[in-house]
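First comes the structure, then the notes that go with it.
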Amino acid sequence: MFHIGFREINRRWNDHRLRCCTRRANGDDLLWVMATLGFEGYSEPFESYLTRYREVIN
């Protein structure tokens, strides 16, 4: 069941990327897909990580 969830995330992530006409999907796109599919439990920690990562990089 969990594996099917990640396949669906990947499919929607790619669809979202193509709709937005971007060459690459980024972390914000992944967060959008995870929230859309109801993976709030995973998207919140990932958002926190992404924020900290961006602070370190900049």
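The values are calculated or read from the model by the stated rules, or taken from the named source; none is laboratory data. Bear in mind that the values here come from a model prediction, so they are computed numbers and not experimental data. Because the Cβ atoms are built from the backbone with ideal geometry, glycine has one as well, and the counts that use them run over all protein chains shown.
With respect to Arg24, is the statement that it is charged (D, E, K, R), out of contact with any Phe, Trp or Tyr (no Cβ under 9 Å at 6 or more places or on another chain), at pLDDT below 80 and part of a helix (DSSP H, G or I) true? It would help to see each step written out before you state the result.
Details: charged (D, E, K, R): yes; out of contact with any Phe, Trp or Tyr (no Cβ under 9 Å at 6 or more places or on another chain): yes; at pLDDT below 80: yes; part of a helix (DSSP H, G or I): no.
The answer is no for Arg24.
Each row is one residue, and each column tells you yes or no for (1) of a type in the set (A, V, I, L, M); (2) surrounded by fewer than 10 Cβ atoms within 10 Å (Cβ to Cβ).
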residue	(1), (2)
Phe6	no, no
Trp13	no, no
Arg17	no, no
Arg24	no, yes
Leu31	yes, no
Gly38	no, no
Gly41	no, yes
Glu55	no, yes
Asn58	no, yes
